[in-house]
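The values are calculated or read from the model by the stated rules, or taken from the named source; none is laboratory data. No experiment lies behind these values; they were computed from the predicted model shown. Cβ placement follows ideal geometry from the backbone for every residue including glycine, while neighbour counts extend to all protein chains displayed. Quick note on the areas: whole protein, heavy atoms, side chains included, nothing else; ligands and nucleic acids left out. Shrake-Rupley method; radii C 1.70, N 1.55, O 1.52, S 1.80 Å.
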Number of protein chains: 2
Amino acid sequence: MEWLKHLRVSLAIEFADRPMIGLLATVSPDHTAAGRCVVLRDVTEDGQLVFTTDSRSEKMSHLSTNSSAECVFWLPTLRLQFRIAGKVSIDPARRVAIWAKLSPATQDTFFGPPPGTRKDEITDFTDDTDPETAKSQSVQSAKSLLPSSFPAQFAVLGLTPDRVESLDLTTDPHTRVVFSQKSGWQPVAINP
Amino acid sequence: MEWLKHLRVSLAIEFADRPMIGLLATVSPDHTAAGRCVVLRDVTEDGQLVFTTDSRSEKMSHLSTNSSAECVFWLPTLRLQFRIAGKVSIDPARRVAIWAKLSPATQDTFFGPPPGTRKDEITDFTDDTDPETAKSQSVQSAKSLLPSSFPAQFAVLGLTPDRVESLDLTTDPHTRVVFSQKSGWQPVAINP
């Protein structure tokens with residue numbers, strides 16, 4: 001798949017050792033559009049994009065009612081955009097391997113309260129308790145129950161593409177190419 | 001609106017004189033998720049986000065059947081994400097003012113063939129015609145019909161927010177705050 005090679009090389013050039021940040025668009029149960037930044041954890045040999053999430057997150061509730069998603073990467077150094085659309089599934093088999101690749105700080109984020117729920121009071125930020133101490137105690141307490149493993153809410157998602165589009169802004173006119181599974185992933189040039 | 005001041009200042013710091021690039025999530029007529037980069041042209045005093053588009057584009061067909069959208073800005077220098085969700089409407093009254101602010105190169109992009117339509121052949125890229133000459137002739141020909149104005153397909157879109165969320169990754173734990181119109185735009189701290 002020509003697009004896969006292009007995507008892999010482009011991501012490597014753009015991000016090097018930094019987190020590969022893209023945008024994941026989903027549809028809410030109310031049929032409204034949603035998007036948020038995500039960190040791409042892996043691109044498999046067959047072109048699946050791998051992400052992690054908290055199973056209690058908003059995006060999980062979206063994907064459980066509408067599994068379609070599009071992941072967008074804007075690569076400013078290359079002036080190149082990739083759009084990768086398809087369906088997302090939960091991939092429990094990859095949890096052990098992906099967990100092991102996460103930094104301790106990232107692992108810690110999975111031991112917090114449910115994402116998106118209201119904090120008790122916004123003034124919590126400025127109360128007398130040292131927030132670093134309180135947070136550390138809370139994480140350590142949760143981790144002690146699961147000394148060498150991940151919490152139940154740690155989930156791995158796989159986006160299986162059915163349509164990929166690249167847009168290269170370094171040419172004039174811009175170069176826009178679409179690849180679709182139903183066309184055997186052959187490149188088709190479209191107008192930008 | 002506290003979020004509006006924060007957004008304006010953050011965008012100014014992050015982008016300075018460079019284009020303010022965000023990601024716009026929409027829902028297709030087939031109820032699938034879509035996203036793509038967009039350039040933010042303006043933020044009005046009442047918090048509307050202003051974009052331009054070709055009225056023949058994919059995003060216009062999406063928004064004409066489902067006007068919901070979410071615009072996401074990832075500001076790497078500030079390690080800050082903004083999500084701005086709401087409804088998008090076409091804003092013909094702003095076309096003259098926004099067109100005048102576009103660079104000639106950006107104006108030229110609105111005189112091309114319908115975006116997303118197939119080019120005749122992908123080998124067009126390497127044929128004997130100098131593409132710069134051909135493109136220039138085509139744009140000049142179209143412009144001569146509209147010497148000092150914009151083409152019919154030039155559209156201005158306004159996203160009127162009903163929910164805004166900021167996520168600050170510089171703190172530990174991360175600081176996530178949501179503002180919604182129905183709550184009078186008051187900040188509510190939520191768990192990251």
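Residues that are in contact with a Gly (Cβ under 6 Å, 6 or more places away or on another chain) and open to solvent by 30 Å² or more (accessible area, probe 1.4 Å) were ranked within region A:53-90; the one that is nearest to B:Phe73 (Cα to Cα) is A:Glu58. Please work out if B:Val96 is among the aliphatic types (A, V, I, L, M) and within 30 Å of A:Lys87 (Cβ to Cβ). For B:Val96, the condition - among the aliphatic types (A, V, I, L, M) and within 30 Å of A:Lys87 (Cβ to Cβ) - is not met.
Give region A:156-176 a look and list any residue that's modelled with pLDDT of 95 or more and open to solvent by 20 Å² or more (accessible area, probe 1.4 Å), or say none. Even if it seems obvious, please write down each step before you answer.
Going through region A:156-176, the residues modelled with pLDDT of 95 or more turn out to be A:156-171, A:174-176.
Hits for region A:156-176 are A:Thr160, A:Asp162, A:Arg163, A:Leu167, A:Asp168, A:Leu169, A:Thr170, A:Thr171, A:His174, A:Thr175, A:Arg176.
Does A:Leu49 satisfy being farther than 29 Å from B:Val88 by Cα, surrounded by 22 or more Cβ atoms within 10 Å (Cβ to Cβ) and either under 16 Å from the mean Cα position of the chain (by Cα) or modelled with pLDDT of 95 or more (or both)? Criteria met by A:Leu49.
All of B:Gly86, B:Gly22, B:Gly47 fail the test of being touching a Phe, Trp or Tyr at 6+ places or on another chain (Cβ under 7 Å) and either part of a strand (DSSP E or B) or small (Gly, Ala, Ser) (or both), apart from B:Gly22. Residues in region B:1-19 that are within 14 Å of another protein chain (Cβ to nearest Cβ) and outside any loop (DSSP other than H, G, I, E, B) were compared, and the one that is surrounded by the fewest Cβ atoms within 10 Å (Cβ to Cβ) is B:Glu2. For region B:66-82, a tally of residues being assigned to a strand (DSSP E or B) and either more than 7 Å from chain A (Cβ to nearest Cβ) or within 17 Å of B:Thr26 (Cα to Cα) (or both) returns 9.
Do you know which of the residues in region B:26-45 that are of a type outside the set (S, T, N, Q) and within 14 Å of B:Ala69 (Cβ to Cβ) is most open to solvent (accessible area, probe 1.4 Å)?
First pass over region B:26-45, keeping only residues of a type outside the set (S, T, N, Q): B:27, B:29-31, B:33-43, B:45.
Now restrict to residues that are within 14 Å of B:Ala69 (Cβ to Cβ): B:27, B:33-38, B:40.
Details: B:Val27: 2, B:Ala33: 7, B:Ala34: 5, B:Gly35: 0, B:Arg36: 13, B:Cys37: 32, B:Val38: 14, B:Leu40: 6 Å².
Filtering first and then ranking leaves B:Cys37.
Taking the conditions exactly as written (at pLDDT 95 or above and aromatic (Phe, Trp, Tyr)), does A:Phe111 satisfy them or not? So A:Phe111 does not fit the description; no.
Residues being in a strand (DSSP E or B) and within 9 Å of chain A (Cβ to nearest Cβ): count how many of those fall in region B:180-192.
To start, the set of residues in region B:180-192 that are in a strand (DSSP E or B) comprises B:180, B:188-190.
Filter again for within 9 Å of chain A (Cβ to nearest Cβ), leaving B:188-190.
Residues flagged as in a strand (DSSP E or B) and within 9 Å of chain A (Cβ to nearest Cβ) within region B:180-192 amount to 3.
Close Cβ contacts (under 8 Å, 6 or more residues apart or on different chains) running from residues in region A:167-179 that are facing another protein chain (nearest Cβ under 8 Å) and under 11 Å from A:Leu80 (Cβ atoms) to residues that are among the aromatic types (Phe, Trp, Tyr) and open to solvent by 50 Å² or more (accessible area, probe 1.4 Å) comprise A:Thr175/B:Phe125.
Every residue in region B:83-110 that is within 11 Å of another protein chain (Cβ to nearest Cβ) and closer than 22 Å to A:Arg176 by Cα, please. Explain how you work it out, then say what you get.
So in region B:83-110, the residues within 11 Å of another protein chain (Cβ to nearest Cβ) come out as B:83-88, B:105, B:108-109.
Selection gives B:Ala105, B:Asp108, B:Thr109.
Just to be sure before I move on: is B:Phe110 surrounded by 18 or more Cβ atoms within 10 Å (Cβ to Cβ), more than 12 Å from the chain's Cα centre (by Cα) and under 19 Å from B:Gly158 (Cβ atoms) in the structure I sent? Yes: the conditions hold for B:Phe110.
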